[in-house]
Amino acid sequence: MSAPRSLYEHALALHRQFPHGPLPYDGSPYPDKARWRARGFRQQDPRTAGADAATVLDAYFASDDTTPERLARQLADLQVPIHRNSHISAAALRADRTRVRRTGRWLVRHSHDRDAAIVGLGLLATDHDNRDIPLIQTIGLLSDHFAALASDALQSRRHDSQALIWLAERTAGWGRVYVVETLCRRETGREWLLRNACDGDYLNGYFAGAVATTAHLHAAMTSDDVDEALVDHTGRLLLVMSHCGGMGMTLREYPPAVTVIEAYARHHARLEPAPDRDATASALAWNLQKVPLTGLNTPEVVRALLR
């Protein structure tokens with residue numbers, strides 16, 4: 001009987017089939033699906049979540065008579081948070097850096113259980129070795145569960161925005177939210193954010209406002225160099241912000257909204273018709289008529305959007 005495939009091997013195999021975009025269904029089902037379902041969900045106190053995993057790590061790093069395989073078995077099913085965890089980070093920082101790095105790499109590459117893999121990723125998130133970027137990116141492709149911490153681990157490394165952009169282009173849903181939010185916090189990858197961040201998913205509402213402000217959308221749309229990709233993506237951003245109340249910044253909360261909308265309407269009117277382009281503009285026109293913005297000449301803007 002062959003050994004079960006690790007989560008990393010599962011992600012890598014799927015990535016080879018779909019190298020340029022998100023994995024179908026976020027890579028589901030994962031190899032640990034049956035055990036994950038059987039475990040169920042336990043409500044945790046946010047203040048103590050991850051503390052039991054940190055205790056296991058402290059014992060592991062204090063002993064020379066143990067193995068990563070045994071550690072992985074001990075970590076399995078501990079219900080570890082998917083974001084950076086202060087308890088796990090503290091355990092990593094208390095231990096020898098080389099051993100932490102080696103242990104994190106082993107857990108990410110070989111774990112069959114997502115809790116053990118998350119702990120490994122958490123260990124790598126306290127480190128800065130650029131050699132681990134491909135490993136972190138690959139496990140991050142299972143984005144709903146791993147992209148938040150993978151983004152954090154990539155952010156801690158010295159590199160340009162390309163490592164995060166690579167992952168952002170291959171995530172969807174919540175995974176894309178995590179990676180784009182990391183790019184916004186890092187204030188990097190402006191050109192990509194201005195043209196590619198929104199992929200049309202409803203969850204884009206959580207980061208659209210951050211993209212508009214971090215990437216200086218107002219300056220981009222009022223400059224002398226406005227290309228088609230910028231115009232089309234601005235339409236998607238504005239459409240999301242016109243209906244994302246309760247998720248993120250809305251047009252009413254975005255100070256330069258009127259100027260950006262007017263600039264977008266002017267540029268949209270000069271572009272050639274295209275199905276997606278015109279559908280976005282029509283939906284935005286409809287929303288602007290339902291909830292007018294103070295200071296916006298809504299009839300004129302609507303005419304330009306509907307052309």
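The values are calculated or read from the model by the stated rules, or taken from the named source; none is laboratory data. Please read all numbers here as calculations on a predicted model, not as lab measurements. Cβ: placed from backbone, ideal geometry, glycine included. Neighbour counts: every protein chain shown.
Among what's in region 117-174 and is charged (D, E, K, R) and touching a residue at least 40 places away in the same chain (Cβ under 8 Å), pick the residue that is surrounded by the fewest Cβ atoms within 10 Å (Cβ to Cβ). Restricting to residues being charged (D, E, K, R) and touching a residue at least 40 places away in the same chain (Cβ under 8 Å), the top hit is 169.
Does region 119-131 contain at least one residue that is β-branched (Val, Ile, Thr), touching a helix residue (DSSP H, G or I) at 6+ places or on another chain (Cβ under 8 Å), farther than 22 Å from residue 201 by Cα and outside any helix (DSSP H, G or I)? Scanning region 119-131, I find at least one residue that is β-branched (Val, Ile, Thr), touching a helix residue (DSSP H, G or I) at 6+ places or on another chain (Cβ under 8 Å), farther than 22 Å from residue 201 by Cα and outside any helix (DSSP H, G or I), so the answer is yes.
Hey, does region 247-261 have a residue that's under 23 Å from the mean Cα position of the chain (by Cα) and exposed (fewer than 14 other Cβ atoms within 10 Å of the Cβ)? Checked region 247-261: no residue is under 23 Å from the mean Cα position of the chain (by Cα) and exposed (fewer than 14 other Cβ atoms within 10 Å of the Cβ). For region 11-58, a residue qualifies if it is among the acidic types (Asp, Glu) and either part of a loop (DSSP other than H, G, I, E, B) or more than 24 Å from the chain's Cα centre (by Cα) (or both), and the qualifying residues are 32, 45, 52, 58. Taken over region 97-116, the criterion of being among the polar types (S, T, N, Q) and either crowded, with 18+ Cβ neighbours inside 10 Å or in contact with a Leu (Cβ under 7 Å, 6 or more places away or on another chain) (or both) is satisfied by 103, 111.
Among the residues of region 36-63, the one identified as assigned by TED's automatic domain parsing to the domain that holds residue 127, loosely packed, with under 12 Cβ neighbours inside 10 Å and aliphatic (A, V, I, L, M) is 62.
If only residues of region 269-292 that are exposed (fewer than 13 other Cβ atoms within 10 Å of the Cβ) and small (Gly, Ala, Ser) are counted, the one that is farthest from residue 245 (Cα to Cα) is 274. Considering every residue within region 144-166, establish whether at least one is outside any helix (DSSP H, G or I), among the hydroxyl-bearing types (Ser, Thr, Tyr) and within 16 Å of the chain's Cα centre (by Cα). Among the residues of region 144-166, at least one is outside any helix (DSSP H, G or I), among the hydroxyl-bearing types (Ser, Thr, Tyr) and within 16 Å of the chain's Cα centre (by Cα), which makes the answer yes. The criterion of being assigned to a loop (DSSP other than H, G, I, E, B), loosely packed, with under 14 Cβ neighbours inside 10 Å and either assigned by TED's automatic domain parsing to the domain that holds residue 127 or not small (Gly, Ala, Ser) (or both) holds for residue 66. Could you tell me whether region 233-244 includes any residue that is assigned to a loop (DSSP other than H, G, I, E, B) and under 22 Å from residue 179 (Cβ atoms)? So far as region 233-244 goes, yes, one or more of its residues are assigned to a loop (DSSP other than H, G, I, E, B) and under 22 Å from residue 179 (Cβ atoms). Taking the criterion of being touching a residue at least 24 places away in the same chain (Cβ under 8 Å), over 15 Å from residue 113 (Cβ atoms) and hydroxyl-bearing (Ser, Thr, Tyr), would at least one residue in region 57-79 satisfy it? Among the residues of region 57-79, at least one is touching a residue at least 24 places away in the same chain (Cβ under 8 Å), over 15 Å from residue 113 (Cβ atoms) and hydroxyl-bearing (Ser, Thr, Tyr), which makes the answer yes. Has region 197-212 got at least one residue that is in contact (Cβ under 8 Å) with a residue 24 or more places away in the chain, part of a helix (DSSP H, G or I), β-branched (Val, Ile, Thr) and in the same structural domain as residue 241 (by TED's automatic domain parsing)? Scanning region 197-212, I find at least one residue that is in contact (Cβ under 8 Å) with a residue 24 or more places away in the chain, part of a helix (DSSP H, G or I), β-branched (Val, Ile, Thr) and in the same structural domain as residue 241 (by TED's automatic domain parsing), so the answer is yes. A single member of 82, 133 is assigned by TED's automatic domain parsing to the domain that holds residue 27, closer than 27 Å to residue 34 by Cα and not basic (Lys, Arg), and it is 82.
Of the residues making up region 213-232, those that are among the hydrophobic types (A, V, I, L, M, F, W, C) and assigned to a helix (DSSP H, G or I) are 217, 219, 220, 221, 229, 230, 231.
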